[in-house]
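The values are calculated or read from the model by the stated rules, or taken from the named source; none is laboratory data. Here the structure is a predicted model, which means the values were calculated and not measured. When the accessible area is computed, the model is the full protein with side chains, heavy atoms only, and any ligands, DNA or RNA have been set aside. Shrake-Rupley method; radii C 1.70, N 1.55, O 1.52, S 1.80 Å.
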Amino acid sequence: IIKAQNGKKVKAEKIRLAKHFYIVKTNRPGKVLHIDNNLINKFARFAGAPHDKEAGVYLHVHKNDHVKVGDKLFTIYSDTKDRLAYSRSVCDKLRAIKISK
């Protein structure tokens, strides 16, 4: 996202991540058909972004990637357990990434 918005060049290894996280994995094999950026944005905001610079969402897959059962789709990071719990509760009810059947 930083690169797409013409931001400063930052190496992924240099970005500090919050200490609490939740990994979302796929429960079916297939192809990533769609990623709902609005939902991903909401998950990140509920976790504390952009005010908490260590909070956010890391996407492990991109559109058209092939996945198998148990592959990581994305990880939500938050500095507080409460914010992570709230983001997770919303995430568990909504499907942000659509996988082909």
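Rolling a 1.4 angstrom probe over the protein heavy atoms with all chains in place gives region 34-101 an accessible area of 65 Å² per residue. Applying 0.36 nm per residue to the separation of Asn41 and Lys14 and subtracting their alpha-carbon distance, the gain on full extension is 7.6 nm. Of the accessible area of region 42-101, computed with a 1.4 Å probe over protein heavy atoms only, carbon and sulfur atoms account for 51 percent. Measuring against 21 Å, Cα to Cα, the residue pairs Lys72/Lys98; Lys9/Lys31; Lys72/Lys93; Lys19/Lys81 contain Lys9/Lys31 as the ones spanning a longer distance.
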